[in-house]
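A.B. asks: A single structure is presented below for examination.
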Amino acid sequence: MTYHDVGRFDARADTYDKSAMQGFFGAVHRATLSFAATGAPRSVLDVGAGTGELLALVHGRFPDAGLSGVDPAARMLARAREKPFPATLSAGSVESLPYPSGNFDLVLSTMSFHHWADPARGLSEIHRVLAPGGTAVVAEHFTRGWLRFAARLLPSRNRTESIEEVVTLAHNAGLDFAGQATVFRLAGLPFVTALRLRKPGNA
């Protein structure tokens with residue numbers, strides 16, 4: 001995430017949870033968690049945790065799981081710390097995750113991928129912090145179908161890779177592609193896709 005992005009999010013931290021976009025984000029969070037939740041994880045990391053809305057949903061579904069969140073916007077994390085769920089929240093970026101290797105069963109990232117400064121490095125770091133057999137689910141408006149044309153109209157900071165490109169980056173990082181799901185539709189058309197990526201090995 002660039003300095004511009006961090007400053008933009010920090011400036012909106014106090015009102016972020018009241019913005020009109022929360023209906024969209026909430027729907028993406030719920031659908032992504034349903035897609036991701038194939039078992040009861042012991043430890044979960046949210047990359048791009050923001051104000052902690054997704055972590056709150058994870059806690060509601062898996063109250064015994066250890067929760068962690070990372071985000072470069074410190075004021076957004078300050079809002080997350082005010083919420084009634086236990087989590088370790090750290091200021092940092094996906095390109096240099098402040099966690100030991102093999103620490104998480106499940107890594108989630110919703111609508112933050114297009115802010116990553118170095119997606120290849122970020123996926124390599126996710127591979128590193130996942131336990132063998134662990135799962136990462138990344139949800140984003142990846143360019144596919146009609147979005148390939150719509151993406152040309154977006155500012156460069158909001159553009160993102162195609163599903164095929166992300167799957168290739170994940171493979172190069174050591175993560176196996178294990179499925180995808182549309183987690184939000186816009187006017188009936190696929191808009192946000194969640195990709196399930198697995199680290200080889202036994203959980």
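Readers should treat all values here as calculations from the given coordinates under stated rules, not as data from a laboratory. As the structure is a computational prediction, the values presented were derived from the model and not from experiment. Cβ sites come from the backbone with ideal geometry, for glycine too, and all protein chains shown count toward neighbours.
A.B. asks: Considering only DSSP beta bridges with both partners in the chain, what is the antiparallel share in %, to the nearest 5?
C.D. replies: For the chain, the DSSP antiparallel bridge percentage is about 40.
A.B. asks: Can you give the extra length, in nm with one decimal, that the chain gains between Ala120 and Arg185 once fully stretched, where that is 0.36 nm per residue apart less the Cα-Cα distance?
C.D. replies: 20.7 nm is the gain from fully extending Ala120 to Arg185.
A.B. asks: Could you identify which residue out of Ala74, Ala40, Ala173 has the top mean-square fluctuation in a GNM of the chain using Cα springs shorter than 10 Å?
C.D. replies: Taking springs between Cα atoms under 10 Å, the residue moving most is Ala40.
A.B. asks: Give me Rg/Rg_expected for the stretch 1-92, where Rg uses Cα atoms only and Rg_expected = 2.2 N^0.38 Å with N residues.
C.D. replies: Expressed relative to 2.2 N^0.38 Å, the Cα Rg reads 1.06.
A.B. asks: Now a separate question. Would you grab the residues whose amide H sits under 5 Å from the one on Gly102? Only those 5+ places off in sequence or on another chain, please, with H modelled 1.01 Å from N.
C.D. replies: Close amide H contacts, sequence-distant or interchain: Val129, Leu130.
A.B. asks: Among (1) 0.93; (2) 1.03; (3) 1.12, which one is Rg/Rh (Cα atoms, Kirkwood Rh) computed from these coordinates?
C.D. replies: Entry (1).
A.B. asks: How much length, in nm to one decimal, is gained on full extension between Thr15 and Thr88, taken as 0.36 nm per residue of separation minus their Cα-Cα distance?
C.D. replies: 24.0 nm
A.B. asks: In deg cm²/dmol and to the nearest 500, what is the mean residue ellipticity at 222 nm of the chain if only DSSP H runs of at least 4 residues count, each as -39500 (n - 2.57), divided by the residue total?
C.D. replies: That comes out to -9500 deg cm²/dmol.
A.B. asks: Around Leu33, what is the net charge, scoring Lys/Arg as +1 and Asp/Glu as -1 over all other residues with Cβ under 13 Å from its Cβ?
C.D. replies: That works out to +1.
A.B. asks: Size of the dipole of the chain about the Cα centre, Lys and Arg at +1 and Asp and Glu at -1 on the beta carbon, nothing else charged, in debye to 20?
C.D. replies: 360 debye
A.B. asks: With an 8 Å Cα cut-off and a minimum separation of 6 or more residues, compute the relative contact order for the chain in percent.
C.D. replies: 20 percent
A.B. asks: Using the number of other C-beta atoms within 10 angstrom as an exposure proxy, rank Glu140, Glu53 with the fewest first.
C.D. replies: Lowest count first: Glu53, Glu140.
A.B. asks: Under 13 Å from the Cβ of Ser101, count the other residues' Cβ atoms, weight Lys and Arg +1, Asp and Glu -1, and hand me the total.
C.D. replies: +1
A.B. asks: Here's something else I'd like to know. Using a Gaussian network model of the chain whose springs link C-alpha atoms within less than 10 Å, name the residue from Leu106, Leu189, Leu89 with the highest mean-square fluctuation.
C.D. replies: Answer for the Gaussian network model of the chain: Leu189.
A.B. asks: Let me ask something additional. Can you give me the long-range amide H partners of Leu89? Hydrogens built in the peptide plane at 1.01 Å from N, cutoff under 5 Å, separation of 5 or more residues or another chain.
C.D. replies: Result for Leu89 returns Gly69.
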